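The values are calculated or read from the model by the stated rules, or taken from the named source; none is laboratory data. Bear in mind the structure is a predicted one, so any value in this text is a computation, not a measurement. Cβ coordinates were reconstructed from backbone atoms using ideal geometry, including for glycine residues, and neighbour counts include every protein chain displayed.
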Amino acid sequence: MIAFRFASLWLGPVLVLGVAAHLYAGGSAGPLLVLLVVLGPCAALLGGRRERAAEASRVLAPLTLLAALLLLSAGLALFGDIASGVGAPRWRGVVIAAGCAFALTVWPPAGRWWPRLVPAALLVAWLVLAAVAHASGLGPMAAWASVASRSAFCFETTSPWVRSGGTFPTAGVLTFSEPHRVQAASPDVFGVIVSDGGTTSVEEWRPRPGAAITLRPGDRLSYPAGARLIFETGRRVPGAPRSGAAWADPAVGASGAGEFVRFLGLALTFVVGSFPLLRPGAPPTRAGAAVGLALALAAAGWAEAWAVYAAWAAPDLFLGTVRAGALVALPSLAVGGPWGRRLTGVLVVAVLGLFVAGAAGLRERIAVFDRGGGHDLALWSGVLGLALVGSLWPHEPWALLVLAQGLLASTLGPLALMSSAIPVRTQVMASGLGLAAFAVGALGGRASGGAVAATLGAYPALLGAPAAWAALRLARPRPA
Amino acid sequence: MRRRFGLALGLLLAGLALLVAGPFDLGAVRVAGVSLLWWYGGAVAPVLAALLTLALFPSGRSPRR
């Protein structure tokens with residue numbers, strides 16, 4: 001049970017589906033993230049301080065609460081996306097997920113069995129994956145090779161985007177790489193961005209349903225949230241990689257400071273950020289560690305295979321921005337018919353199981369700070385309620401997860417890594433410095449231009465974690 | 001033990017960085033139809049990391065709960 005609790009805090013739906021989305025998108029970050037899904041628990045099992053002295057720190061409670069708020073918000077935002085993807089109102093997904101998490105965490109008998117939700121949800125997800133693989137008639141390696149050998153990712157005749165049209169859950173911009181006739185299925189206001197000989201012009205397009213426009217290579221089309229469009233069969237999906245080869249080897253030969261900083265940022269954020277989250281509940285026995293790592297490997301393997309089958313069966317998920325929540329629709333697209341819809345429903349339940357297990361794990365972590373004061377339920381209700389309200393507005397779940405992990409890596413991660421006991425004043429100073437550097441990186445990186453600055457803005461733990469670590473090293477007590 | 005694990009972790013990550021940005025497009029080399037980058041990042045390195053963790057895991061730690 002300790003191993004299941006350990007895994008519940010790490011293997012949330014945003015991490016698992018987010019890794020699948022990165023692999024599906026074909027970026028170089030995908031394989032790195034698969035490795036980090038396993039390296040995070042590995043580092044927490046072996047590194048850092050075993051004693052729980054850090055819990056006396058006055059910085060631990062507010063920072064853990066803030067990280068829990070961000071992690072819950074990420075999960076709820078994902079369910080908002082899933083609801084939008086199936087045509088339901090966003091708030092319905094958020095409220096159902098929050099309601100399930102609250103019910104499970106306040107129902108006393110659930111305390112005995114909720115940790116089993118993690119292996120059960122992963123087992124169900126693997127069974128759905130097996131059904132998708134069976135329907136495709138290809139093993140994962142053959143599916144990967146098939147995707148990698150495609151000359152282009154095109155709309156297929158079975159795609160809903162070429163029949164009745166699809167709905168964009170959030171606003172965005174499409175970039176076209178070949179001539180494409182697009183038909184409006186809703187009376188929205190679109191922007192046609194045309195670049196011609198170095199000049200860029202933006203024209204408003206206010207079509208009636210059924211009206212069409214032809215876009216040329218290089219043209220862009222901006223759309224509002226809820227817009228419906230119909231695309232042409234056989235045309236390249238806007239936003240998809242140029243070819244299967246570009247999808248399979250997107251980063252090979254890539255270099256440059258921006259790419260290197262991004263690599264470091266992801267590794268630092270997820271490895272150091274895993275310490276304060278996982279270390280206090282790490283299994284004390286080798287058998288427990290083996291179970292925890294087996295679950296992490298199972299989740300990483302599922303994300304890989306899911307991404308490959310999604311790229312094979314559902315190239316239209318590349319349309320616009322690849323969103324983790326959209327990937328749950330794969331069974332509907334790969335299997336089709338009522339069985340496809342049923343399998344999608346089963347997968348959504350499994351994803352919900354991972355979320356509520358993670359929420360229950362977070363509640364246990366938060367309850368430690370109450371110290372028998374009887375305010376545990378009020379504290380938990382407040383955090384979950386804030387996350388619910390915040391998630392009613394669309395947010396990118398992956399960005400919230402990176403923010404939470406980065407916050408932990410910049411403040412509590414270095415504290416958990418230090419092997420000697422640290423005075424409370426030093427802990428507060430180091431965490432404060434890490435937090436300040438994290439905020440400077442997040443805000444400054446986004447405000448200034450350049451690839452390196454943008455990457456620092458996306459992974460501000462690159463500044464925060466070293467700042468907190470250096471402060472601890474300089475201020476730690478030295479033996480007389 | 002922490003130092004050895006830290007070194008191994010660094011080497012695993014450096015291996016991936018080498019496949020992504022190293023010379024000769026090593027990451028694009030296909031093995032059994034799948035690129036070396038996917039084999040390493042998606043299978044070999046995670047399994048190695050897990051096995052290494054279990055090998056270095058201190059035996060006989062008393063349960064804390």
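Quick notes on this structure:
- From the options A:Gly390, A:Gly432, residue that is over 17 Å from A:Gly12 (Cβ atoms), surrounded by fewer than 20 Cβ atoms within 10 Å (Cβ to Cβ) and of a type outside the set (Asp, Glu): A:Gly432
- Hits in segment A:308-360 (condition: more than 16 Å from A:Ala133 (Cα to Cα) and polar (S, T, N, Q)): A:Thr321
Listed here are the residues, each with its yes/no results for (1) on the phi < 0 side of the Ramachandran plot; (2) of a type outside the set (Val, Ile, Thr); (3) not assigned by TED's automatic domain parsing to the domain that holds A:Leu215.
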| position | (1), (2), (3) |
| --- | --- |
| A:Leu229 | yes, yes, no |
| A:Leu264 | yes, yes, yes |
| A:Ser274 | yes, yes, yes |
| A:Val291 | yes, no, yes |
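- Residue selected from segment A:111-128 under the condition more than 23 Å from the chain's Cα centre (by Cα) and of a type outside the set (Lys, Arg), by the criterion modelled with the highest pLDDT: A:Trp113
- All of A:Arg279, A:Arg242, A:Arg262, A:Arg286 fail the test of being closer than 30 Å to A:Leu45 by Cα and surrounded by fewer than 21 Cβ atoms within 10 Å (Cβ to Cβ), apart from A:Arg286.
- Single match in A:Leu403, A:Leu433, A:Leu384 (criterion: touching a residue at least 60 places away in the same chain (Cβ under 8 Å) and either under 20 Å from A:Ser274 (Cα atoms) or not assigned by TED's automatic domain parsing to the domain that holds A:Thr269 (or both)): A:Leu403
- One residue from A:Arg181, A:Arg216, A:Arg208, A:Arg220 being surrounded by fewer than 16 Cβ atoms within 10 Å (Cβ to Cβ), of a type outside the set (A, V, I, L, M) and at pLDDT 90 or above: A:Arg181
- All helices (runs of 4 or more DSSP H) inside chain B with 2 or more residues being facing chain A (nearest Cβ under 7 Å), at pLDDT 85 or above and surrounded by fewer than 18 Cβ atoms within 10 Å (Cβ to Cβ): B:45-56
- Checklist (1) under 21 Å from A:Ala246 (Cβ atoms); (2) not in a loop (DSSP other than H, G, I, E, B) applied to A:Gly191, failing item: (1)
- Single residue of A:Pro89, A:Pro31 found to be closer than 30 Å to A:Ala246 by Cβ, without any contact (Cβ under 8 Å) to a residue 40 or more places away in the chain and not aliphatic (A, V, I, L, M): A:Pro31
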